[in-house]
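The values are calculated or read from the model by the stated rules, or taken from the named source; none is laboratory data. Everything numeric in this text was worked out from a predicted model, so none of it was measured. Quick reminder, even Gly has a Cβ in these numbers, built from the backbone with ideal geometry, and neighbours come from all protein chains shown. We work out accessible area using only protein heavy atoms, side chains counted, and drop any ligands, DNA or RNA first. Shrake-Rupley method; radii C 1.70, N 1.55, O 1.52, S 1.80 Å.
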Amino acid sequence: LAYEAILEWSYAQQVTYISAEVAWEAWSGQMAMVGKDEGIMWASFRKVFGNDTQVSDVTLWMVAFRYLDTDNNGLIVQSEFESGYRAYAYDATAATQYTLMLSTSMQVTYTTVEEAWASVQTYVTSESGIFWQDWDEVCKQFSSSGDIDWKASFMYLDLDHNGYISQAEFETCYALYEKPGPHSADGMTLCPNTTYRVAHIVFDCNGASGSQSFLVPAKKMEIAQEIPKGAVDLQVGITANVDMDIFLYDAKAKKYVVHYSKNQATINDKSRTGTYEGVEVTFSGDDRTSPVTETVALKGTLPFACSLQVQNYADDEAEATMTFSYAGVDPCPSPPPGCALYTEYASQVAYAAVVEWSYVLQVTYSSAEAAWEAMSKQTETVGKDEGILWASFRSVFGYDAQAGNITIWMVAFKYLDTNSDGVISQSEFESGYRVYAYNATAAFDSTLVLSESIHIRYTTVVEAWASVQIYVSAEGCISWDQWGKVCNQFSGGTVDSKGTFIYLDVDQDGCITEAEFETGYSLYSTTTTTFPYVLEPKGSENVACPGTGEMCAGNECCPGIPSTDMKTFPCPTADEDWDECETSVNINGSKVACPGTGEMCSGNTCCPQIESTGWKTFPCPAADADWNECEGSLLSEANATELEQKEAASTTLTTTPAPIIDIEDFAPTEEPGDFATTEEPAEKFSSTELPTNFSSTELP
């Protein structure tokens, strides 16, 4: 009871006062018993809490006092008060979702905002508007199901933090939902600008019909369409020239609604009609004769969400055409089913993905025009007049990796479709091609560092080339996706593998030949310089930012990297006393690379363990000569070099890449017969996923 009471009290404080400090000041000004040095006494807290509600024999303000008085000294001090203020956790993303739902309900009920505002005049109790305690009733008026979090939507709309929703803020709420507008070239309703498309069918509240074509991987099952709760009189089917099956799956109940096997669903190939959760269901049956056509019809309003799954039994990828019709969606949710919120995280994933995709295109095709021509030949739905449609972009992008619950190619499409017309035009495609910014000067510097690193390990180019044979393809060269491993082998991740690849790939065939590798090896001259362990600042000169390779100069911020928790940090050439970035972490000045790992360190700190120290930490190269509070110490440079050469001469590299698991390895080779199982269908998965904090170099 105390916890629930504190949540309510915390919410009331947050909508009344802009911060915990302001709330404390307000109460200390009202009550003689409240002061920063003294705190709130037990008897005084009754007024601060604001009501005398009882639950059975429990008086809420009393147990709330006990909850807040964490040190049990009979006094609520300022720190305890401010902790209580923050008990209600506001989620901006969820609040946006709930307010979109409310906005949709308003527009469904009233055609103008003036009519909607007039309907809530009962709750307008002052010139300021609708008091926060009455907002619950407003939400119930527009959404009787109670699925809108009124607290979250109130905080989202109360921009001036005065505890009231003014007429202007109410109008903001009404306008938030964008009614379905024009259609994309494939006939689908366009998603609102604040969202991105995630499904073949984008459901329109008023109903629609049409067809969508897409590719289904060989011997795989995947979700073709999520069907929303509230879909009315839905009919959907699949047509293909190979053997494909469709299934209707209720994820919440963890069972099939429609399946060809009688052991899997009550509606099956043997019993093709029935009722599920009050909805009449009809299945056309299992078709195995080309062209295969299977359909499902749902009569009535769907009381549950489900998914349409498609299984391709063929040995090759095959095209499926999905036809559909429905009378509407009731109640109509927001955003429209088939669209998802384009959050800040989604936009970050999109940008990082497009950078990686752009790089792949640049090492594969000599120009943006050449890349476009190649894609237009590969995909029928690509043309100079039409562009790349949403479903086609999956194969153009090249992989199905996920970042949490985000499918990366879908947000990448959103990023590239700058005019939000549902089609990637040639100009948008070519802009995407150029997102990865190649810097020739930085690439040369990075290749020079790589060249010196190779020289330190191998005295001849023949030895060096022999050491990377594990990465050499059958064509006798190293592809762009293997080159990063080569760079890591020699430099521990301290060079820009993308820049060095483009620099060395002179013939732009997407592969580093032995001759190009030799060019990289010979770039370094042992008579000109020594290995640059210490990154000395160079005033306002352009330098590469650690971790990303982006260029900066002087008092500028570098992009965030994992070691800075993705916060920006000063450029290596920034003044020592300058820091207007998100973190003041010392990446500049005397920052050096730890031998053996390439991790950066500075001053009297320890480097990570490496084999030559017996797997013990050791002092940073920039540490004071007489300082060592680490587990061990590093051999002298001469001894270390001698040891590395001996190890290189006596060790045979036997490392092999980790196997990539694919669902295809477990897919049936032919369509199974009836079988009994209670397991859910295998979900799509990728062997590579983005971490929560990531840089573009960590994308698969």
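Checked against the criteria, Ala320 counts as closer than 30 Å to Tyr415 by Cα, among the hydrophobic types (A, V, I, L, M, F, W, C) and touching a strand residue (DSSP E or B) at 6+ places or on another chain (Cβ under 8 Å). When Thr59 is tested against the conditions (1) surrounded by 15 or more Cβ atoms within 10 Å (Cβ to Cβ); (2) within 30 Å of Thr172 (Cβ to Cβ), the lone failure is (2).
Scanning the stretch 373-381 turns up one or more residues that are in a loop (DSSP other than H, G, I, E, B), of a type in the set (Val, Ile, Thr) and modelled with pLDDT under 90. In the stretch 60-77, the residues that are under 9 Å from Trp42 (Cα atoms) and among the aromatic types (Phe, Trp, Tyr) reach residues that are in a helix (DSSP H, G or I) and open to solvent by 80 Å² or more (accessible area, probe 1.4 Å) with C-beta atoms within less than 8 angstrom, at least six apart or across chains, in these pairs: Phe65/Trp42. Within the stretch 149-162, residues that are among the aromatic types (Phe, Trp, Tyr) reach partners that are surrounded by fewer than 20 Cβ atoms within 10 Å (Cβ to Cβ) and modelled with pLDDT under 85 with beta carbons closer than 6 Å, at six or more positions or on different chains, in the pairs Tyr156/Ala95.
Looking at this structure, is Val15 in a helix (DSSP H, G or I), modelled with pLDDT under 85 and surrounded by 19 or more Cβ atoms within 10 Å (Cβ to Cβ)? Yes, satisfied.
Once the stretch 471-509 is narrowed to residues that are of a type in the set (S, T, N, Q) and under 31 Å from the mean Cα position of the chain (by Cα), the residue that is most open to solvent (accessible area, probe 1.4 Å) is Asn488. From the list Asp71, Asp91, the lone residue that is under 37 Å from the mean Cα position of the chain (by Cα), closer than 24 Å to Glu21 by Cα and open to solvent by 50 Å² or more (accessible area, probe 1.4 Å) is Asp91.
Note on the stretch 476-495: residues that are assigned to a helix (DSSP H, G or I) and in contact with a Cys (Cβ under 6 Å, 6 or more places away or on another chain) amount to 0. Looking at the structure I just gave you, is Val108 in a helix (DSSP H, G or I) and crowded, with 20+ Cβ neighbours inside 10 Å? No: the conditions fail for Val108. One residue stands out among those in the stretch 221-243 that are polar (S, T, N, Q) and open to solvent by 10 Å² or more (accessible area, probe 1.4 Å): the one that is farthest from the chain's Cα centre (by Cα), which is Asn241. Applying a threshold of 6 Å to beta carbon distances and a minimum spacing of six or more residues, or different chains, the list of pairs starting in the stretch 7-31 at a residue that is farther than 18 Å from Trp132 by Cβ and ending at one that is modelled with pLDDT of 85 or more and open to solvent by 20 Å² or more (accessible area, probe 1.4 Å) reads Trp24/Gln78. Scanning the stretch 264-274 for residues that are outside any strand (DSSP E or B), free of Cβ contacts under 8 Å to residues at least 24 places away in the same chain and surrounded by 13 or more Cβ atoms within 10 Å (Cβ to Cβ) yields a count of 5.
Evaluated against (1) crowded, with 17+ Cβ neighbours inside 10 Å; (2) modelled with pLDDT of 90 or more; (3) among the hydroxyl-bearing types (Ser, Thr, Tyr); (4) assigned to a loop (DSSP other than H, G, I, E, B), Ser334 falls short on exactly one condition, (2). Please determine whether any residue of the stretch 421-436 is of a type outside the set (D, E, K, R), over 27 Å from the mean Cα position of the chain (by Cα) and more than 26 Å from Thr189 (Cβ to Cβ). No, there is no match, as no residue in the stretch 421-436 is of a type outside the set (D, E, K, R), over 27 Å from the mean Cα position of the chain (by Cα) and more than 26 Å from Thr189 (Cβ to Cβ). State the number of residues belonging to the stretch 439-470 that are buried (at least 16 other Cβ atoms within 10 Å of the Cβ) and in a loop (DSSP other than H, G, I, E, B). Final tally of qualifying residues: 3.
Looking only at the stretch 275-323, filter to residues that are aromatic (Phe, Trp, Tyr) and under 14 Å from Ala265 (Cβ atoms); which one of those is most open to solvent (accessible area, probe 1.4 Å)? Result: Tyr276. The residues of the stretch 213-234 that are in contact with a Ser or Thr (Cβ under 7 Å, 6 or more places away or on another chain) and either of a type in the set (A, V, I, L, M, F, W, C) or modelled with pLDDT under 90 (or both), listed by number, are Ser213, Leu215, Ile223, Ile227, Val232.
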